[in-house]
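The values are calculated or read from the model by the stated rules, or taken from the named source; none is laboratory data. Quick caveat, the model's predicted, so the values are computed rather than measured. With ideal geometry, Cβ positions are generated from the backbone for all residues, glycine too; neighbour counts draw on all protein chains shown. Note: accessible area is taken over every heavy atom of the protein model, side chains too, but ligands, DNA and RNA are not part of it. Shrake-Rupley method; radii C 1.70, N 1.55, O 1.52, S 1.80 Å.
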Amino acid sequence: MAVVQGEYHWHEHKDIDEFFFVLDGHFLIDLEDRVVDLAPNQGFVVPKVCVIARARLNEAVILMVERADIVPTGD
């Protein structure tokens, strides 16, 4: 679980998917070809090898499901 705000750099995870679920606030996930706009009680799976940048316009509380050995900044 994380409380996030601001912007995140472009990165990718080559071997794993990432799952994000918004508990509170508003969360945007920038993909190369589209933007996923998540409100509370919405989730999204980012498939592996997909280049992403997570952008948060305002503070958001999110649940992230990832393997324990993931490097948060990507490969």
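Quick notes on this one:
- Listed candidates (1) 4.7; (2) 5.7; (3) 4.3 - label of the one calculated as mean projected area of the Cα convex hull in nm²: (3)
- Taking all Cα pairs closer than 8 Å and separated by 6 or more residues, the relative contact order of the chain comes to 47 percent.
- Here the spin labels are modelled as points 7 Å beyond Cα on the Cα-Cβ line, and at ILE16 and VAL3 they lie 2.5 nm apart.
- Here the accessible area is traced with a 1.4 Å probe on the protein chains. For the chain, carbon and sulfur cover 53 percent of it.
- The HN-Hα couplings worked out from phi for the range 4-13 by the Karplus form 6.51 cos²θ - 1.76 cosθ + 1.60 (θ = phi - 60°) are 10, 7, x, 10, 10, 6, 5, 6, 8, 10 Hz, whole numbers, x standing for Gly and Pro.
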